[in-house]
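All remarks here apply to the structure that follows.
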Amino acid sequence: MDSTFIVPPDFQQGMHRLMPYMSHELRNDPQRLETIMLFYKLGGDKLAKIVIDAFNQTQRLLKVHEQRLRLRISLMDTLEDMEKEDDDDDDGDDEEDRNASDDNEDDLTDY
């Protein structure tokens, strides 16, 4: 299928009036432009604006969903990194910490 969309000459003025209502992603999607054109032919500006609003809202919701997924993934990665660091700290450093604290206590008793 051809990836370009050409507005018929009879509908160019009407589609030009609708362009400010379309998001950038919508303007570059030939399949959605064809759908808008179909609704414009069926019901004029009013019906086409309703479809454009629905497409724009769907696009906004998809962006929010993608952002939430990216945030969730980054939080999970951070949590895993923190757990790995905690596991690394617990792997025998306790004895060294105890010995170091014993040395510090000896220094205090010298006063």
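The values are calculated or read from the model by the stated rules, or taken from the named source; none is laboratory data. It should be emphasised that the depicted structure is a prediction, and the values quoted were computed from it without experimental measurement. Heavy atoms of the whole protein, side chains included, go into the accessibility calculation; ligands, DNA and RNA do not. Shrake-Rupley method; radii C 1.70, N 1.55, O 1.52, S 1.80 Å.
Below, the figures for the structure above:
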{"read-out": "Gained length - Lys41 relative to Glu66, 0.36 nm times residue gap less alpha-carbon distance", "value": "5.7 nm"}
{"read-out": "Contour minus Cα-Cα distance for Asp87 and Phe5 (0.36 nm per residue)", "value": "23.8 nm"}
{"read-out": "Largest-first ordering by accessible area, 1.4 Å probe, given options Arg32, Arg68", "value": "Arg68, Arg32"}
{"read-out": "Set of lysines near Lys41 by C-alpha distance (under 22 Å), chain-local residues within fewer than 8 positions excluded", "value": "Lys49"}
{"read-out": "Added length on full extension, which subtracts the Cα-Cα distance from 0.36 nm per residue, Met76 to Tyr21", "value": "16.0 nm"}
